[in-house]
Amino acid sequence: MRGKWGSTEVPQSKWSCVNVYDLGSPLLVCDMCEQQRIRYVHIMVHSDWNSELKCGCVCAGYMEGDLEAAQLRELGVKREARRQAKPIGRDAISWVQAADKILEYELTSKELDFVTDMRARFKLRPGFEATERQENWFVDIYKRVVR
Ligand SMILES: [Zn+2]
């Protein structure tokens, strides 16, 4: 047993997951096993424990007693991450990240308005899909100014 597994203080079961999100890369270590580096963070809560634990998929699954539920949650987030990280130029980054890069450079006022507007749409409306014309214009600007 590693980390909090086997602890007599920390509850070992009946945890629930309240959220799961993608850090983009493995930046955290799982709060439960204190060993696994995690990119997809399952936020776990328990009525007998006063703080939430940020956990990896496997620990989260055992904590809630449903490994399959944890795996399905994580799959959903992975699918979303893939959808957002479209290749733009030679970089596979999200549209919002690409817009941030573009906005570091000098643009015409028309381009500035366009990229600022697109950034807001991509950021505020997760399901937003640009038209082909918008997408081509955006990628053209990206390729010209960023690389
Ligand atoms: Zn763990």
Practice item. Confirm whether A69 is more than 9 Å from the ligand (Cβ to nearest atom) and either among the hydrophobic types (A, V, I, L, M, F, W, C) or modelled with pLDDT of 95 or more (or both). Key: yes
Study note, to complete from the structure: Subset of the range 38-73, residues surrounded by 16 or more Cβ atoms within 10 Å (Cβ to Cβ) and assigned to a helix (DSSP H, G or I), comes to C57, V58, C59, A60, G61, Y62, M63, E64, A70, R73
Practice item. Answer yes if at least one residue in the range 135-145 is surrounded by 10 or more Cβ atoms within 10 Å (Cβ to Cβ) and of a type in the set (S, T, N, Q), and no otherwise. Key: yes
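Looking only at the range 18-52, count how many residues are within 9 Å of the ligand (Cβ to nearest atom) and within 20 Å of the chain's Cα centre (by Cα).
Restricting attention to the range 18-52, the residues satisfying the condition of being within 9 Å of the ligand (Cβ to nearest atom) are 29-36, 38.
Applying the additional criterion that residues be within 20 Å of the chain's Cα centre (by Cα) yields 29-31, 36, 38.
Final tally of qualifying residues: 5.
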Point to revise | Residues within the range 6-18 that are touching an Asp or Glu at 6+ places or on another chain (Cβ under 9 Å) and either closer than 20 Å to E68 by Cβ or loosely packed, with under 11 Cβ neighbours inside 10 Å (or both), tallied | key: 6
Review point. Got at least one residue in the range 8-30 being over 30 Å from R147 (Cα atoms) and of a type in the set (D, E, K, R)?
Key: yes
Point to revise | Complete set of residues in the range 89-141 that are within 19 Å of the chain's Cα centre (by Cα), β-branched (V, I, T) and outside any helix (DSSP H, G or I) | key: I93
Check your understanding: Can you tell me how many residues in the range 1-60 are among the acidic types (D, E) and without any contact (Cβ under 8 Å) to a residue 12 or more places away in the chain?
Key -> 1
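Of all residues in the range 1-47, count the ones that are among the basic types (K, R) and in contact with a Pro (Cβ under 7 Å, 6 or more places away or on another chain).
Number satisfying all stated conditions: 2.
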Check your understanding: Can you name every residue in the range 88-100 that is at pLDDT 90 or above and surrounded by fewer than 18 Cβ atoms within 10 Å (Cβ to Cβ)?
Key -> D100
Point to revise | Some residue of the range 19-37 being modelled with pLDDT of 95 or more, surrounded by 13 or more Cβ atoms within 10 Å (Cβ to Cβ) and of a type in the set (S, T, Y) | key: no
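The values are calculated or read from the model by the stated rules, or taken from the named source; none is laboratory data. On a predicted model such as this, the values are computed, not experimentally measured, just so you know. With ideal geometry, Cβ positions are generated from the backbone for all residues, glycine too; neighbour counts draw on all protein chains shown.
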